[in-house]
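All of the numbers you see were taken from the coordinates with simple rules; none came from a lab. As the structure is a computational prediction, the values presented were derived from the model and not from experiment. So basically every Cβ, Gly included, is an ideal-geometry build from the backbone, and we count neighbours across all protein chains shown.
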Amino acid sequence: MPRKRRLSRIFHDQITTSQRQRTGALRRFSVVAAFPESADVPAPSASDARAQAGAGDADVIYAGELEIRLEEGLVLATGQALMLSVREFQLLAAMARRQGAIITREELYTTVWGGPLRAGDRSVDVYVSKLRSKLEHALPDRRFIHTHPGFGYRFQPQLSRNVHMESTGPR
């Protein structure tokens, strides 16, 4: 077994053991998204996704080909797990919960970091940039995070400008 995989398995076993000792039951942690073996999670079929969405499952948010499993701390892009930091995941979840709405940097900072945004703090912008890069790498034909200068950010899946230009041709 490769060293990385062995270490992640040891880390996983330590977490699940301590979780069982404290609660008597096993609960999934957000770190599952960081394990290499979680990258081959099978994609749900379209009927499974519709059934879950119809069941009012508030623990899963669907945005185009993106599936955000809130309880598991897992994000799937066309069935493949994305490697996100805890902050990136929290930021994505905060934006996805208000899909289509413009959210100010102050609101995002308060929601994700748990305090007021200090003057000159660019944490939100840095993490949005990292998250945007990872989402665009996973789904290059889609844009999820849209910047509204002076207002904030909007989370909404749309075809990327490049794909749209290729399909409609130059103006």
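Observations on the structure shown:
- Checking each residue in the range 105-116 for being closer than 17 Å to SER129 by Cβ and not aromatic (Phe, Trp, Tyr) picks out ARG105, LEU108, VAL112.
- Note on the range 110-165: residues that are more than 21 Å from the chain's Cα centre (by Cα) and not β-branched (Val, Ile, Thr) amount to 14.
- One residue from ALA138, ALA77, ALA94 being touching a residue at least 60 places away in the same chain (Cβ under 8 Å) and either in contact with a helix residue (DSSP H, G or I) (Cβ under 7 Å, 6 or more places away or on another chain) or β-branched (Val, Ile, Thr) (or both): ALA77
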